[in-house]
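Scroll down for the structure; my scribbles are underneath it.
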2 protein chains.
Amino acid sequence: MQLTSIWRIVEVMKHALNQKPDYEKELRKAGVRITRPRRIIIDILTSTEDHPDAMKIFHRAIEIDDSISLSTVYRTMNLLEEMGAIHRHAFNGGPSRFEQAHGEHHDHLIDIDTGAVVEFKSDKIEKLQEEIAKSLGYDIVHHRLELYGRKTRHSS
Amino acid sequence: MQLTSIWRIVEVMKHALNQKPDYEKELRKAGVRITRPRRIIIDILTSTEDHPDAMKIFHRAIEIDDSISLSTVYRTMNLLEEMGAIHRHAFNGGPSRFEQAHGEHHDHLIDIDTGAVVEFKSDKIEKLQEEIAKSLGYDIVHHRLELYGRKTRHSS
DNA sequence: TTACCAGTTGAGAATCTTTGCAACTGACGT
DNA sequence: ACGTCAGTTGCAAAGATTCTCAACTGGTAA
């Protein structure tokens, strides 16, 4: 265990508790343990604006606690993704990049020219999905809707 | 070059030309060369009912022409996916599995317990997607809708 | 038919991601 | 506080996918 970074950890936890009061509750509700690596990784995700890949998250994490392993980063990303807490994007074969899901669920429109991601949400679509699943004998646990498009060109 | 399997190749090509008269035209139209590896891989995809992963496709391919490399299988899958000719599915971290896109576009409902895939299509949803994209200033090139669910349990 | 050349391939290295397993540690009950 | 144990972790190794680059080959034009 790294004792040298104890204060940074306290700092992080304090920060984390302010920014995302629900995550830990969500996690516990899902029967998931709140471990130190997870707390640190979640904090990194909630306090960043960019869409880091696993390696980047790993590097940021080991600055806070250098015992964290890359495996754990990956495992945590998968866990959070399944919970719907983050989204994973993979552009043209590069490594997956992750983004914190905002409180509300939303879908994505990806600009195939620039990779830009636009978030949107449609209750109508959600409702239709429910109906379809029901008619097929299923309950939806979660879903993924991604539109790939390019900016509309007018005239020309 | 494998000359030993020349007759199998002729067989394959004949077959291919019957089953999917459009693929090669589509490919050429997209400025893509029709090479022997691609022909063989496409034939494998069009003549199978299951959802093979890259390694399985590779093994089937080298039975016809043992000079084909795994790299080429992956490259071809990416190519076909971009063209919309096949769909890629990735269940719980396992390797990607591929499925020929049927003439008609369709979406997927994935059983999270068994991995079973149900195909469906909803004009309503398609239409809503168009509207949403339009209102965001985009034209949809393609999209992916995946519902993850589990069989509805009655009573109990 | 032949020559040409940009697109494609095979092989292996590099990169990205998951997994097996022994050691460790939260959460819960006492 | 303390013990317990299923859930987690770190590490190393395996597995999956992409990349690099020299050699090769379809399609085109002469």
Completion exercise
Given (1) part of a helix (DSSP H, G or I); (2) touching a His at 6+ places or on another chain (Cβ under 9 Å), A:GLU99 misses just (1)
Problem - When residues of the range A:82-96 are limited to those that are part of a loop (DSSP other than H, G, I, E, B) and away from chain B (no Cβ under 14 Å), the one farthest from DNA strand D (Cβ to nearest atom) - result: A:ALA85
Handout entry: Matching option when the condition is free of Cβ contacts under 8 Å to residues at least 40 places away in the same chain, more than 8 Å from DNA strand C (Cβ to nearest atom), away from chain B (no Cβ under 14 Å) and of a type in the set (A, V, I, L, M), among A:ILE57, A:ILE62
Key = A:ILE62
Practice task
Could you grab me the full set of residues in the range A:75-87 that are at pLDDT 85 or above and buried (at least 16 other Cβ atoms within 10 Å of the Cβ)?
Solution key: A:THR76, A:MET77, A:LEU79, A:LEU80, A:GLU81, A:ALA85, A:ILE86
Handout entry: First in the range A:131-142 and free of Cβ contacts under 8 Å to residues at least 40 places away in the same chain, second anywhere and among the polar types (S, T, N, Q), Cβ under 7 Å, 6 or more apart
Key = A:ILE132/B:SER122; A:GLY137/B:THR152; A:TYR138/B:THR152; A:ASP139/B:THR152; A:ILE140/A:GLN129
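The values are calculated or read from the model by the stated rules, or taken from the named source; none is laboratory data. Source: prediction; values computed, not measured. Cβ coordinates were reconstructed from backbone atoms using ideal geometry, including for glycine residues, and neighbour counts include every protein chain displayed.
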